[in-house]
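Inspection log for the structure reproduced underneath, given as structure tokens.
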């Protein structure tokens with residue numbers, strides 16, 4: 001299994017494209033329509049953060065096969081301003097923008113593995129994995 005997409009993200013239309021590609025790949029792996037929707041939501045959240053805070057970045061979508069399990073890898077990466085306080089950013093309800101603050105913590109709840117790396121002035125990388133059940 002080597003299906004992979006890289007979506008360049010610069011505007012809201014790219015968020016929709018990343019979401020659609022993620023849903024298509026999740027369907028091809030065998031995820032239920034409910035899990036496809038959840039994954040599309042998580043992808044939307046991290047892609048929207050790229051548009052809102054970094055102006056441009058990429059979303060990598062890759063089918064996974066590890067230890068007999070199948071799943072989906074999502075890596076959102078940008079070279080934006082970074083997140084000054086990761087602990088605060090991961091708190092429900094916190095937002096430096098005008099959103100509800102559900103993005104990163106909400107995405108984390110949807111997936112099985114979530115990693116956030118960020119450094120002020122160096123950008124942000126969010127890595128998420130969801131396994132087929």
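The values are calculated or read from the model by the stated rules, or taken from the named source; none is laboratory data. The model shown is predicted, which means the values in this text are computed figures rather than measured ones. Cβ placement follows ideal geometry from the backbone for every residue including glycine, while neighbour counts extend to all protein chains displayed.
Being modelled with pLDDT under 95, under 25 Å from residue 131 (Cβ atoms) and touching a strand residue (DSSP E or B) at 6+ places or on another chain (Cβ under 7 Å) narrows it down to one residue among 26, 76, 3; which is it?
Values: 26 fails: modelled with pLDDT under 95; 76 fails: modelled with pLDDT under 95.
Only one candidate qualifies: 3.
Among the residues of the range 12-64, write down those that are touching a helix residue (DSSP H, G or I) at 6+ places or on another chain (Cβ under 6 Å), surrounded by fewer than 20 Cβ atoms within 10 Å (Cβ to Cβ) and not in a helix (DSSP H, G or I).
If the condition is that a residue be touching a helix residue (DSSP H, G or I) at 6+ places or on another chain (Cβ under 6 Å), surrounded by fewer than 20 Cβ atoms within 10 Å (Cβ to Cβ) and not in a helix (DSSP H, G or I), then 63 is the only one that fits.
Hey, residue 73 hits all of (1) surrounded by 14 or more Cβ atoms within 10 Å (Cβ to Cβ); (2) more than 13 Å from the chain's Cα centre (by Cα); (3) outside any helix (DSSP H, G or I) but one; which does it fall short on?
(2)
I'm trying to understand the selection: among the residues of the range 96-111, which are modelled with pLDDT of 65 or more and in a loop (DSSP other than H, G, I, E, B)?
111 - this is the single residue of the range 96-111 that is modelled with pLDDT of 65 or more and in a loop (DSSP other than H, G, I, E, B).
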